[in-house]
1. Considering Y134, Y144, which residue is under 30 Å from K58 (Cβ atoms) and touching a Phe, Trp or Tyr at 6+ places or on another chain (Cβ under 8 Å)?
2. How many residues does the stretch 107-147 hold that are touching a Cys at 6+ places or on another chain (Cβ under 8 Å) and either closer than 27 Å to S193 by Cα or in a helix (DSSP H, G or I) (or both)?
3. Please work out which one of (1) in a loop (DSSP other than H, G, I, E, B); (2) free of Cβ contacts under 8 Å to residues at least 24 places away in the same chain; (3) aliphatic (A, V, I, L, M); (4) surrounded by 14 or more Cβ atoms within 10 Å (Cβ to Cβ) is the condition V165 fails and give its number.
4. Mind listing just one residue for me: the one in the stretch 95-106 that is in a helix (DSSP H, G or I) and more than 19 Å from the chain's Cα centre (by Cα) and, of those, surrounded by the most Cβ atoms within 10 Å (Cβ to Cβ)?
5. Please return the ranges of helices (runs of 4 or more DSSP H) entirely within the stretch 15-87 where 1 or more residues are within 23 Å of the chain's Cα centre (by Cα).
6. Looking at the stretch 179-189 only, could you name the residues that are out of contact with any Asp or Glu (no Cβ under 8 Å at 6 or more places or on another chain) and closer than 18 Å to R4 by Cβ?
7. Does the stretch 16-24 contain any residue that is out of contact with any strand residue (DSSP E or B) (no Cβ under 9 Å at 6 or more places or on another chain), modelled with pLDDT of 85 or more and within 30 Å of D180 (Cα to Cα)?
8. Can you tell me which of (1) loosely packed, with under 10 Cβ neighbours inside 10 Å; (2) at pLDDT below 85 is the one N48 doesn't meet?
Amino acid sequence: MNERISEIIEKIKNLEIELDVEFEKEFTEAREKFNYQIRRNKVLFERNALIAQRRVKKNLYRFIKDAKVAHILSAPVIYSIIIPIFLLDLFVTIYQTICFPIYKIKKVKRSEYVVIDRHMLAYLNLIEKFNCLYCGYGNGVIAYAREIASKTEEFWCPIKHAQKVRGRHSRYKDFADYGDSEGFKNKMKDVRS
């Protein structure tokens, strides 16, 4: 990898650390502002915060009455994706449970990617809670599967593509350049030792 790319990657790493610090400040401020704490991965709101949330909750009848017809008609299509998402979750979990110990790859913690907590908000009605559950699960599973796939790619095929790729995962930058057979052999030794 050339020196300029290495410098940019280092800047990005430092910015990601800085961003994490700022997000943590924002989370702390939100906990204070909206009166909640997190204990043992459970969100606990103060009583007055729950009362305020329940006041703005839109009842189911009004929610459905105000919904666009196109939104209601497209809902079955959206929700049908839960089947492949569930199967993806199941299969990547089985895959990493069986294969990662064989390859000596550190397992991905599912709980760090699949976070289901928004359905606990008192200002959401039943449909909104279900939607939040669905989206949190779906996006979490996709992120979890991507992390497992990126670790697999790093182990088996740590070679950059010849063409530009959008949405590269965090390990991609350390892959061997396309066409660099020596770099590939060295990377394989590093990954597997």
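1. Working: Y144 fails: under 30 Å from K58 (Cβ atoms).
Just a single option satisfies the conditions, and that option is Y134.
2. 2
3. Only one criterion in (1) in a loop (DSSP other than H, G, I, E, B); (2) free of Cβ contacts under 8 Å to residues at least 24 places away in the same chain; (3) aliphatic (A, V, I, L, M); (4) surrounded by 14 or more Cβ atoms within 10 Å (Cβ to Cβ) is unmet by V165, namely (4).
4. Step one: list which residues in the stretch 95-106 are in a helix (DSSP H, G or I), which gives 95-103.
Remaining after also requiring more than 19 Å from the chain's Cα centre (by Cα): 97-103.
Working: T97: 10, I98: 9, C99: 13, F100: 17, P101: 11, I102: 7, Y103: 13.
In this case the residue turns out to be F100.
5. Those helices (runs of 4 or more DSSP H) span 69-80.
6. Matches in the stretch 179-189: D180 only.
7. Quick first cut of the stretch 16-24, residues out of contact with any strand residue (DSSP E or B) (no Cβ under 9 Å at 6 or more places or on another chain) only: 16-24.
Then keep just the ones that are modelled with pLDDT of 85 or more; that gives 16-24.
This time we only want the ones that are within 30 Å of D180 (Cα to Cα), so: 16.
Within the stretch 16-24, one or more residues are out of contact with any strand residue (DSSP E or B) (no Cβ under 9 Å at 6 or more places or on another chain), modelled with pLDDT of 85 or more and within 30 Å of D180 (Cα to Cα).
8. For N48, the exception is condition (2).
The values are calculated or read from the model by the stated rules, or taken from the named source; none is laboratory data. None of these values were measured; they are calculated from a predicted model. We place every Cβ from the backbone using ideal geometry, glycine too, and count neighbours over all the protein chains shown.
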